[in-house]
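One structure is given below, encoded as C-alpha cells.
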Amino acid sequence: MITHPFKAAGAFIKALPLVLSKDLRLFILAPLLANVLLIALLYLVAFRYLDDGVASVMGYLPEWVSFIDWLLELVVMALLGILLFYSFSVGVNILAAPFMAFLAEKVEEKQTGKVFDERLTFSVVMKVIGQSLQRECQKILYFLPRFLLLILLTFVPLVNVIAPILLLLFSMWMLSLQYMDYAFDNNKVSFNNMRMALRSKPLLCWTFGGIVMVSLAIPFFNLFVMPIAVVAATLLWVSVFQSQQGEHATLLPSTNRIL
C-alpha cells in the first residue's frame with residue numbers, strides 16, 4: 001500500500017508521451033475543445049455573477065453574526081465557487097465522456113494487446129454515448145448527496161473545523177472515481193464494483209485525485225488534464241486493477257456493455 005502513491009504519480013509520467021502519440025490525438029481534440037469553451041464560460045459566469053450570489057446569500061444571515069461578516073463572506077464565496085466549478089466540470093465530463101471511453105480503449109489495446117470488438121460505426125458510437133451518459137448520471141447521483149452533506153457540515157460548530165479537510169479528500173476521491181471509471185466501464189465492471197475496488201486502495205485514489213486537482217489549477221495546462229488523467233487511469237487499471245476485476249469482464253456477454 002505504501003507504494004501506491006508512487007504508482008499513481010508514475011502513471012501520470014507514463015501518460016504524457018502516450019497522449020502525444022499519433023494514434024491517440026484524434027480522441028483529444030473534442031474534449032480539448034469542450035474544455036476551452038466551458039472553462040471560458042465558467043470564468044465569464046464567475047466574474048459576472050459570483051459577487052451578486054455572495055451578496056444574495058449574505059442577505060439571509062441574521063444581524064447578530066454581522067461581526068464576522070468578512071469570514072462568512074469568504075466561506076460563502078468559496079462554497080459557491082466550488083459548486084460553480086463542479087457544475088461546469090459535470091458539463092465537460094458529459095460532453096467528453098464518449099471520447100474518453102474510446103481513448104481508454106485505445107490505451108488498453110496498446111498496453112495489453114487486447115482488441116475491443118467495437119468499431120467506430122454510428123450505432124456503436126450511439127451505444128457508447130448512451131452508456132457514458134448512464135455512468136455520468138450514476139456519478140452525479142453518488143456525488144450530490146455526499147457533497148451537500150459536507151457543505152452542511154461547514155455550518156456545524158466544531159465539526160466545521162475538519163469539514164474543509166473532508167471536502168478536500170472527497171474532491172480528490174471523486175476525481176479519481178471520475179477518471180478511473182472509463183477503463184472499468186470498458187471492461188464491464190459495474191459502478192458499485194468499481195467503487196469497492198477503488199475503496200480498497202485509498203492512498204492510490206487520493207494521490208491520483210490530488211494530482212488531477214493540482215493540475216486543474218495550472219492555467220493552460222488544465223485544458224489537457226482530462227485526456228492525461230484518463231490515460232493515467234487506464235494505465236493503473238492495467239497494472240493494478242485488471243488482475244482483480246478483469247476476470248469478471250470475460251464472464252459477461254458483449255451485449256452487456258450498453259446496460
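In summary, helices (runs of 4 or more DSSP H) completely within region 122-225 and bearing 3 or more residues that are in contact (Cβ under 8 Å) with a residue 60 or more places away in the chain occur at 122-153, 163-186, 202-216.
Looking at this structure, is Ala78 farther than 25 Å from Trp237 by Cβ and either at pLDDT below 80 or part of a loop (DSSP other than H, G, I, E, B) (or both)?
Working: farther than 25 Å from Trp237 by Cβ: yes; either at pLDDT below 80 or part of a loop (DSSP other than H, G, I, E, B) (or both): yes.
Yes, satisfied.
Taking the listed residues Glu136, Glu73, the one that is surrounded by 12 or more Cβ atoms within 10 Å (Cβ to Cβ), at pLDDT below 65, in contact with a helix residue (DSSP H, G or I) (Cβ under 7 Å, 6 or more places away or on another chain) and of a type in the set (D, E, K, R) is Glu73, with no other qualifying. The set of residues in region 177-234 that are in contact with a Pro (Cβ under 7 Å, 6 or more places away or on another chain) and closer than 20 Å to Cys137 by Cβ contains only Met226.
Search region 1-46 for residues being part of a loop (DSSP other than H, G, I, E, B) and more than 24 Å from Trp206 (Cβ to Cβ), and hand back the single one that is modelled with the lowest pLDDT. Spell out the reasoning first.
Taking region 1-46 as the starting set, the residues that turn out to be part of a loop (DSSP other than H, G, I, E, B) are 1-3, 20-21, 25.
If we keep only those that are more than 24 Å from Trp206 (Cβ to Cβ) too, we end up with 20-21, 25.
Details: Leu20: 81, Ser21: 83, Arg25: 72.
Selected residue: Arg25.
The values are calculated or read from the model by the stated rules, or taken from the named source; none is laboratory data. Note that the coordinates shown come from a computational prediction; the quantities given were computed from them, not determined experimentally. All Cβ positions, even for glycine, are placed from backbone atoms using ideal geometry, and neighbour counts span all protein chains on display.
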